[in-house]
Each structure stands twice: as structure tokens, then as C-alpha cells.
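Reviewing the structure listed below.
The values are calculated or read from the model by the stated rules, or taken from the named source; none is laboratory data. Bear in mind that the values here come from a model prediction, so they are computed numbers and not experimental data. Glycine also receives a Cβ, built like all others from the backbone with ideal geometry; neighbour counts cover every protein chain displayed.
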Amino acid sequence: MKKLSELQALRLKYKPALPAILKSPFSSIKPKAGAPTSAISDPDKIKKMFPVNFGKPVVTFGKGKNPSYNKKPIRAAVVLSGGQAAGGHNVIAGLFDGLKKANPKNKLFGFLGGPAGIIDGKFREITLAFLAEYRNTGGFDMIKSGRTKIETPEQFLKSRDTMLKNKFDALVVVGGDDSNTNAALLAEYFAKQGAPVQVIGVPKTIDGDLKNDMIETSFGFDTATKIYSEMVGNICRDVNSATKYWHFIRLMGRSASHITLEVGFQTQPNITLIGEEVLKKEMTLAQVVDSLAKVVVKRAEAGKNFGVVLVPEGLIEFIPEIKKLIKTLNDLLVKHEGELKQIDGLKEKKEFVYKVLEPGLSDLMKSLPDGIETQLILDRDPHGNVMVSQIETEKLLVEMLEKQLKAMKKEGAYNGKFAAITHFFGYEGRCGFPTNFDTNYCYALGYNAVVLIANGLTGYMSSIRNLTKAPSLWLAGGVPLTMMMNIERRRGEDKAVIQKALVELDGKPFKALAAMREELAVNDMYLFPGPIQYFGPATVVDATTKTLQYERGKKQL
């Protein structure tokens, strides 16, 4: 074993907790099926796409005799798909331990480098010795991850051949909404092909946007938000000490603002922007900047020329006019690609773009800082689209805010000082040591997946609920993947995908934040969570996120 840090050595000794039902022998864990399920929306279309697996019931596990569970040796495989999230190694540990408890002859294999490993047939066996140095640790470095999507007929055929050639009985897909949509497609494909391979999904994403009534949270969210909260809390303390800077902090989470909302609860900054609210109110970029200016002015009047602002990574895409501008640019820059290539100077390229845009969008483009304009025109992904996730929204807001405050100063409407520092916290939160919650939750998700496999289930996601209680009281079972689906239009076609969960503006968590806003804006009510704790009172080391506590009624408005 390679040399370990002191903390890593200690964490390897940690024994994850399991729900009480999963501690029972497999012959005493009885599956109970509920009523047939539908889909979030468009059930007829989704049923047509998934005729084999659509409508399966939710399954819960309880005490009872179950002599029919699979006692024969199982060869299971696991794949880590998409971005990293703390706790992935413990999903694998839970799978391994569960398989060995069910039958010591069971074997677990890990596909290397994500779904590409399935297509290419690259994998390795997970052994007790190999697993030993990865238990309770962060990262996906054990078998690596990847973002390959299995979507072409050739890829599906190669995946089937890999599973059959190596006599794999089950595949566990650890991923977010897109990866678990892929899991549903694989489960359906294998069934239609008569390939005896079960597929089980595990909910993973730090973004927190893979959740519903049966999946209370995705793993990694708890750890990531605590890591970010420590860093934001440190900045809050620095701000409160130096009293001379405004810190604008962009946090990871492109499609939803869950991370920003939770870090807002944990640290209580002066301003927490929520993208879903901006979209609902159809705010323009100028209105967002104006809302910031009002708080800056109000604090300046109280002699406070400092503060902290949280900005969700995807804010720019929630602003309707910016969203329209980006969509229009995506089309126009492809349409006029040849003409733009013949224009040498950046200034001339911008002038050309102004002319081909409709007047309103042209004016909006001109109002943006030069750096953002350049990014919109030059930085493209392989499909020719604007790389929205690369846009430094926090810098955009600061530049526009500086411009507005300068104008207000000339008019006598503002007499303070404004100096800003920007930050982006993203990758720092993906691979840290998992919290006690994620350590236990991930282990339970993996172990529970084995129980689903042992009971012959396929097309399900491993579900562990009742998460605000002690792990022994958690509820185990499975949710049909098709139950979480809706139809989205992608590349001109209807696609069945697992629906992303956005911040609900009528939900308890957002209402709790909204109720604090005015007080937080003016008063310095910063919280300093400190680093993730592993040893200490359960109220600190085992606490779930504030978001989950509000959602499950454990914390009141």
C-alpha cells in the first residue's frame, strides 16, 4: 500500500453505518412492490420508448423470509460516469461487501475510464486488497471516470458484447441524470436483446439536481457544499476583519442553484443570487446588477463598504435575454462562419456580429464588458456553441456594477467606496474526503444495489430515504428509472431523459432564504462553518445539509 496521510489512514478505519434492514441476512430481506408507476410527464411517449421497463413499481425492503433471492454466484460490474463526487469509492465498497455477504463466490469488476471502458471492454477485478486503500476516501481515481455517452447502435452493440463475453450478470451505473438516463437505455436494450444483464443506477452529482420524492439527495452534494462553505466562511471572516472589499464568489452548479442555496444557509453572506428566481422574474442583466447596486449603496450608507455575494455558475443562462443572445449567437456564428474567418481583427469581428444581430440583442452585446464579448464570439465548443460554463459571471457582474456605481456617484446617489475581489470555487469540492453523511450514504447505496440485483431487479435506481434520521433508520429500496423521466427536445428530436430538479421557489428551503434576505443584506450575520469534521458531537459531524432539513420538515421557517 502506498504511503498515506494521517487523515487518510484514520479514515480507512472508519466503519460506515447501514440501514437496519440491510444488516439482515439476504434471506431475511423481503422486497415489497408498490403500485405501477408512470413518468413525471409525457408518459405515453416514454412508455413507447421503454415498453419493457416502463410502469414498474417502487420497491421497498423490509423484514421477512425471502428464500427466492439469487444465491448463485454473481459477476457484477460497476462504472463511474460523469464528474467526480465525494463518496464514489464507498459505493464500490458497499457493492463489494454486499456481494461477498450474499455469496463469497460473487465477484465485482470495475470498468476503467467511465462508459468508454464498457464499449472497449476495459476493466479490472475489485479485490479486497485493491479496495483497502480507497475506503472512505474522495475522488474516482480507483477506476477513473469519463463522460462518454453510449448512444449509437454500434456503442450499444459493443456494450452488450462486453457484458456477454465476460459473463457479467449486472451493471451498476454511478452517475447523474444523464448517466442514469443512459442506464435506463441500457437496461431496455439488454432486455430487448434477450441479454441477461441487470442494470442498476446510483444517484451521483454534487450539483444536487438529481432528486425527487424517492431520491432525497444525490451523493457528493453534502460534501461539496461543506467544502465550499468552509472556504466561503473563511472569506466572510476575512471580510468582517478587513472591512474594505466586496467578494463575488461563483459556485459550481450550472443547471441549478442548489449548491449556492445551501452554501448561503451555511455561511449567511450578504447576497445569495438564485438563478431560478432570476428566470421566474424574467430579470434582465441590468436588473440583476441594479439589485446588487441597491445593497452596495445601502451598506455604504451604514459605513460598510464590504460584503460577500454568492453567484451560481449557471446564473448567466437563467437570464432570459442572455439566454436568447447565446442561442442566437450559436445559430448566427455557424451560419456566418465563413465570413467571420475572413475577418482578421477582433474589433472588426465584433462589428460584423453587431450588424447581423437584431437591434435589441445587438445593444445588449455592446453593453457587455469587452472580455465577455470576446468570450461569446471566440470561445466555442466542438459543436460550435458558446462555452457558457467558461463565462466568468462574477467578473461580468463586478464590471457592470462598477460602471453603474460610477454613474450613481456622478449623480450624487452613491458616496461609498467599491473594491471587488472575485473567486470561482468548483473543482475544489468534487474530490474531497466525504463527510460522515456521504461516507455512510454511499456505502448504503452500493450495498442496497446488491440487494436489488439479488432480487432480480433491473432498470432501477438504488434508493435510500429518511436521510435526516440516523442511518439505522434509513429506508432502503429501488425506484424505476423511467418514473423520473420526461421528454426534452435535443438536437431536433424528442429524448426521454431523467428530469433535472431545479430550486423550487415555493419550496421551504428557498422561502427560508428569502425570509432572511433583508436582514442579511445590511447586517453582518456571517457564519463560519470551519472544515469538515469527522470526530465530535453528532450534531456537527453527522448533520445533513440545511436544504434536506428544510425539505424533510426537520428545520422550520
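Miscellaneous remarks
Rundown of residues vs (1) without any contact (Cβ under 8 Å) to a residue 40 or more places away in the chain; (2) surrounded by fewer than 19 Cβ atoms within 10 Å (Cβ to Cβ); (3) in contact with a helix residue (DSSP H, G or I) (Cβ under 7 Å, 6 or more places away or on another chain); (4) in the same structural domain as Ala195 (by TED's automatic domain parsing), yes/no style:
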site: Gly412; (1), (2), (3), (4): yes, yes, no, no
site: Lys417; (1), (2), (3), (4): no, yes, no, no
site: Asp438; (1), (2), (3), (4): no, no, yes, yes
site: Tyr441; (1), (2), (3), (4): no, no, no, yes
site: Asn448; (1), (2), (3), (4): no, no, yes, yes
site: Asn455; (1), (2), (3), (4): no, no, no, yes
site: Tyr460; (1), (2), (3), (4): no, no, yes, yes
site: Ile464; (1), (2), (3), (4): no, no, yes, yes
site: Gly478; (1), (2), (3), (4): no, no, yes, no
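- Options Ile271, Ile316, Ile322: the member that is in contact with a strand residue (DSSP E or B) (Cβ under 8 Å, 6 or more places away or on another chain) and among the hydrophobic types (A, V, I, L, M, F, W, C): Ile271
- Single residue of the range 338-369 satisfying the filter (loosely packed, with under 13 Cβ neighbours inside 10 Å and in contact with a Ser or Thr (Cβ under 8 Å, 6 or more places away or on another chain)) that is nearest to Thr328 (Cα to Cα): Glu358
- Residue that is modelled with pLDDT of 95 or more, crowded, with 18+ Cβ neighbours inside 10 Å, over 21 Å from Ala187 (Cα atoms) and outside the structural domain of Asn455 (by TED's automatic domain parsing), where the choices are Phe54, Phe61, Phe50: Phe61
- Every listed requirement among (1) at pLDDT 95 or above; (2) of a type in the set (Ser, Thr, Tyr); (3) within 30 Å of Ala17 (Cα to Cα) is met by Tyr526 save one, (3).
- In the set (1) assigned by TED's automatic domain parsing to the domain that holds Val173; (2) assigned to a helix (DSSP H, G or I); (3) modelled with pLDDT of 95 or more; (4) surrounded by fewer than 22 Cβ atoms within 10 Å (Cβ to Cβ), Leu10 fails one condition alone, (3).
- Of the strands (runs of 3 or more DSSP E) that lie entirely inside the range 432-506, those containing 1 or more residues that are modelled with pLDDT of 95 or more and out of contact with any Asp or Glu (no Cβ under 9 Å at 6 or more places or on another chain) span 460-465, 475-480.
- Residue within the range 255-263 that is assigned by TED's automatic domain parsing to the domain that holds His89 and either within 16 Å of the chain's Cα centre (by Cα) or assigned to a helix (DSSP H, G or I) (or both) present: no
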